[in-house]
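The values are calculated or read from the model by the stated rules, or taken from the named source; none is laboratory data. Because the structure is a prediction, the values reported are computed rather than measured. Cβ placement follows ideal geometry from the backbone for every residue including glycine, while neighbour counts extend to all protein chains displayed. Accessible surface areas use protein heavy atoms only, side chains included; no ligands, DNA or RNA. Shrake-Rupley method; radii C 1.70, N 1.55, O 1.52, S 1.80 Å.
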Amino acid sequence: MSVETIGEPGPLPRGRHGLTREQVEASQYRRLCTAVLEAVGELGFAATTVADIVTRAQVARRTFYAVFGGKDECFAAAYDLAVGAALEQLQETVTGLEGVNFADRVRISFEIYLGVLSVQPGAARALYVETLAAGPGLVEHRLRVHERFADYIMAVARVGVRDGDLTAEPDRQLVDMLLGGIDDRVRACLHTKGAQALPELAPLFTRTAMAIVSTPAP
């Protein structure tokens, strides 16, 4: 879930730029989403203000309130956008591979995902630590994100079944347990070692995932 992926390279040029209204609004939306992840990752959710967000995004406060009702809504939108970008990147890279067995697909998925998080410590902290501090307003978003990642794992598993690497689709409930464990280990690593150490988790995640997805649904 890359900040660079969801963001724009900088503010729009002053004066005439030839962009449509829709393009301008899309640019502002993405820059605000990028800015809130950076601010929350650095300052914490509670301490982050709208002023922090608009300063980083280089947009006017009135522009912010034309798009979002407040900090909570902006953070929720950024969370959804970042996760969507991460899943799209994974799906394009991993499910499109030819001549790669299931175990390698799983390993590559974790290496890509953890590698992206490792070079963006602010975004990683915002998405894994500060989402818990954001309160009940983000509960629905976290649940939806969990489901989307579970869907991704099931889709990769179906490729494994198709290619003969798995005998059957895994138990969805065990996949849910896997995702809960991944979230916990990522947060623990962020607290104890920092984001740069996240790629070290790829072998553990791969072994765990292989054990779980090898258990078919009852």
Inset, instruction - Please work out which one of (1) touching a Ser or Thr at 6+ places or on another chain (Cβ under 8 Å); (2) closer than 18 Å to residue 34 by Cβ; (3) modelled with pLDDT under 90 is the condition residue 123 fails and give its number. - result: (3)
Legend entry - In region 164-189, the residues that are open to solvent by 20 Å² or more (accessible area, probe 1.4 Å), in contact with a helix residue (DSSP H, G or I) (Cβ under 6 Å, 6 or more places away or on another chain) and aliphatic (A, V, I, L, M): 174
Inset, instruction - Give 46, 77, 51 a once-over and let me know the one that is in contact (Cβ under 8 Å) with a residue 24 or more places away in the chain and in a helix (DSSP H, G or I). - result: 77
Legend entry - Which numbered condition residue 94 fails, given (1) under 20 Å from residue 202 (Cβ atoms); (2) modelled with pLDDT of 90 or more; (3) crowded, with 21+ Cβ neighbours inside 10 Å: (2)
Legend entry - Extreme residue, modelled with the highest pLDDT, among residues of region 126-163 that are open to solvent by less than 60 Å² (accessible area, probe 1.4 Å) and not in a helix (DSSP H, G or I): 134
Inset, instruction - State which residue pairs qualify: first residue on the phi > 0 side of the Ramachandran plot and inside region 182-206, second residue surrounded by 15 or more Cβ atoms within 10 Å (Cβ to Cβ) in any location, beta carbons under 7 Å apart, and separation of 6 or more residues or different chains. - result: 194/121
